[in-house]
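Working notes for the structure below.
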Amino acid sequence: MSGYDQLLTLIEQQPLSRSLPAALRIANSITDEEWASWIKLELMGYLADNPAMRKQTAVPEYRAVPGLWYDDYGRSLAINDPGLAFINELRLRQGVTELESIAAGNGPLVMRPMEFSDIIRNNFDVEVSIFQFQPRSVCQVLTNIKVQLLDRVASRRERISAIPVNQISQKAEILLLKPNLYGVGVDLKALWRRAFGKQ
């Protein structure tokens with residue numbers, strides 16, 4: 001099995017929290033900075049403390065989940081205009097390990113993205129503070145990220161096939177787990193050290 005086929009098998013069979021670190025090693029091996037930067041964003045999240053995040057970086061559309069906005073009294077924001085349906089979507093910034101934890105949940109999930117609440121208040125003169133969505137929506141986000149990864153691997157087939165097979169490992173990545181808002185998540189500093197070999 002070629003390194004390219006081995007990487008495809010890993011992506012298809014394993015969660016993104018395992019396949020993306022392997023893809024990052026390959027991206028670094030072929031000196032593909034654009035791909036490596038995208039992987040770091042997906043692994044560590046589209047967050048200000050991620051070194052791969054740039055001022056011009058936008059959270060991709062494929063990370064959007066549908067949901068509903070509520071005010072502090074539990075009243076939902078009714079959107080009747082189909083052209084404004086995008087208001088009831090939120091693009092998730094979390095890294096894939098945290099997204100996998102969120103997707104495993106059972107009940108509705110609630111976030112307080114105040115920057116978007118301010119936008120709605122300023123443009124529609126409506127007070128909302130809570131965005132609620134279902135965990136199954138996050139499963140679709142993870143599928144979208146996997147498709148994006150497969151597309152990026154396919155577009156680099158020749159370069160990936162040229163590297164030694166032993167650089168693509170299916171061994172488990174050992175990372176420090178710690179409690180977070182959704183249960184248990186990965187320590188981003190440990191992930192960063194693992195991805196770049198820093199101590």
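Of the set (1) within 12 Å of the chain's Cα centre (by Cα); (2) within 15 Å of Phe133 (Cα to Cα); (3) in a helix (DSSP H, G or I), all apply to Arg93 but (3). All of (1) of a type outside the set (D, E, K, R); (2) modelled with pLDDT of 70 or more; (3) closer than 30 Å to Ile30 by Cβ hold for Gly107 with one exception: (3). Across segment 55-75, not a single residue is classified as out of contact with any helix residue (DSSP H, G or I) (no Cβ under 7 Å at 6 or more places or on another chain), closer than 19 Å to Arg18 by Cα, assigned to a helix (DSSP H, G or I) and modelled with pLDDT of 95 or more. Answer with yes or no whether Arg18 is basic (Lys, Arg) and either in contact with an Asp or Glu (Cβ under 8 Å, 6 or more places away or on another chain) or in the same structural domain as Gln132 (by TED's automatic domain parsing) (or both). Judged against the criteria, Arg18 is a match.
Within the set Leu109, Leu68, Leu7, the sole residue that is more than 19 Å from the chain's Cα centre (by Cα), among the hydrophobic types (A, V, I, L, M, F, W, C) and farther than 26 Å from Ser161 by Cβ turns out to be Leu68.
The residue that is modelled with the highest pLDDT, among those in segment 113-127 that are of a type in the set (D, E, K, R) and assigned to a loop (DSSP other than H, G, I, E, B), is Glu127. Here Ala48 fulfils each of the conditions (1) loosely packed, with under 14 Cβ neighbours inside 10 Å; (2) in a loop (DSSP other than H, G, I, E, B); (3) modelled with pLDDT of 95 or more apart from (3). Scanning segment 61-76 for residues that are over 13 Å from Ser129 (Cα atoms) and free of Cβ contacts under 8 Å to residues at least 40 places away in the same chain yields a single hit, Glu61. Taking segment 6-45 as the region of interest, how many residues are acidic (Asp, Glu) and exposed (fewer than 14 other Cβ atoms within 10 Å of the Cβ)? Residues flagged as acidic (Asp, Glu) and exposed (fewer than 14 other Cβ atoms within 10 Å of the Cβ) within segment 6-45 amount to 3.
The values are calculated or read from the model by the stated rules, or taken from the named source; none is laboratory data. Please read all numbers here as calculations on a predicted model, not as lab measurements. Note that each Cβ is placed from the backbone with ideal geometry, even for glycine, and that neighbours are counted across all protein chains shown.
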